[in-house]
Each structure stands twice: as C-alpha cells, then as structure tokens.
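Step one of this worksheet: look at the structure below.
The values are calculated or read from the model by the stated rules, or taken from the named source; none is laboratory data. From a predicted model like this one, the values you see are computed outputs, not experimental measurements. Cβ placement follows ideal geometry from the backbone for every residue including glycine, while neighbour counts extend to all protein chains displayed.
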Amino acid sequence: MKCTLHHPESRYGRPVFVSQMGRVLADDEGVDSAMRLLKMKSADIARECGVSRRTVHGWRRGRAVSVGGLNVFGLLLTRWRYQNPAKKSYDPVTDEYY
C-alpha cells in the first residue's frame, strides 16, 4: 500500500491511497488500511499529522483527509516499506502483510 501523487487518479497535488493491487482506495478505507499496516492508533496518527484525534476519527468515518495528512501517510508508509522489506506473504483481500 502507498499514498502517492504518481497515479492517474491523483489530481491537483492531492495524493491518493493505492493498494498493493493498484486499486485506488477511498480516504476512509485508505486511512484504516494504513493504520492497520503501520500498527498505529488514532492518537499516534493525530500526533504525526499534527491534528486532533477527533479529526482522525472523522477521516476514518469518511471525511476528506487533508493534503498535509495524506503527505504524512505517504511518508509513514514509505518508511514502513524500507523498514520491512522482506515480508513473506501478502493478502490482497485485506491489503495486509502477514
């Protein structure tokens, strides 16, 4: 999974969440998937993004994620990929490694 500007669905400088299978995820689905993958709680994401936990809760309920928040998710996911290069298996249904 990644959050990137390098996808046709990304427009006007707004990154999008993309699953390992290349499917663009809605913001709420992307936030949930990223949080599971990163093993982070709402408070952790809020601290990293510089927003309140209530804002993160809103993102998980379908509110649009700010560009700044998407950029932070992109950095967190990139860092995770470099720290975990050799994951054994990937489940495309849940979009998670195990």
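Is the range 35-43 home to any residue that is in contact (Cβ under 8 Å) with a residue 60 or more places away in the chain and in a helix (DSSP H, G or I)? Yes; the residues of the range 35-43 include at least one that is in contact (Cβ under 8 Å) with a residue 60 or more places away in the chain and in a helix (DSSP H, G or I). The lone criterion from (1) part of a loop (DSSP other than H, G, I, E, B); (2) among the acidic types (Asp, Glu); (3) surrounded by 15 or more Cβ atoms within 10 Å (Cβ to Cβ) left unmet by residue 48 is number (1).
Just the residues that are outside any helix (DSSP H, G or I) and either β-branched (Val, Ile, Thr) or surrounded by 14 or more Cβ atoms within 10 Å (Cβ to Cβ) (or both), please, taken from the range 51-66. 51, 63, 65, 66, listed by residue number. Any residue at all in the range 67-74 that's surrounded by 13 or more Cβ atoms within 10 Å (Cβ to Cβ) and in a loop (DSSP other than H, G, I, E, B)? Scanning the range 67-74 turns up no residue that is surrounded by 13 or more Cβ atoms within 10 Å (Cβ to Cβ) and in a loop (DSSP other than H, G, I, E, B). All of 51, 24, 31, 18 fail the test of being of a type in the set (A, V, I, L, M) and in contact (Cβ under 8 Å) with a residue 24 or more places away in the chain, apart from 31.
Against the conditions (1) part of a loop (DSSP other than H, G, I, E, B); (2) hydrophobic (A, V, I, L, M, F, W, C); (3) at pLDDT 90 or above, residue 86 satisfies every one except (3). Among residues of the range 58-87 that are small (Gly, Ala, Ser), those with a Cβ under 8 angstrom from a residue that is assigned to a loop (DSSP other than H, G, I, E, B) and surrounded by 16 or more Cβ atoms within 10 Å (Cβ to Cβ), sequence gap 6+ or separate chain, pair up as 66/51; 69/51; 74/15.
Scanning the range 1-19 for residues that are within 13 Å of residue 78 (Cα to Cα) and of a type in the set (S, T, N, Q) yields a count of 1. Is it the case that residue 40 is crowded, with 19+ Cβ neighbours inside 10 Å, closer than 18 Å to residue 84 by Cβ and not β-branched (Val, Ile, Thr)? Against the criterion (crowded, with 19+ Cβ neighbours inside 10 Å, closer than 18 Å to residue 84 by Cβ and not β-branched (Val, Ile, Thr)), residue 40 does not qualify.
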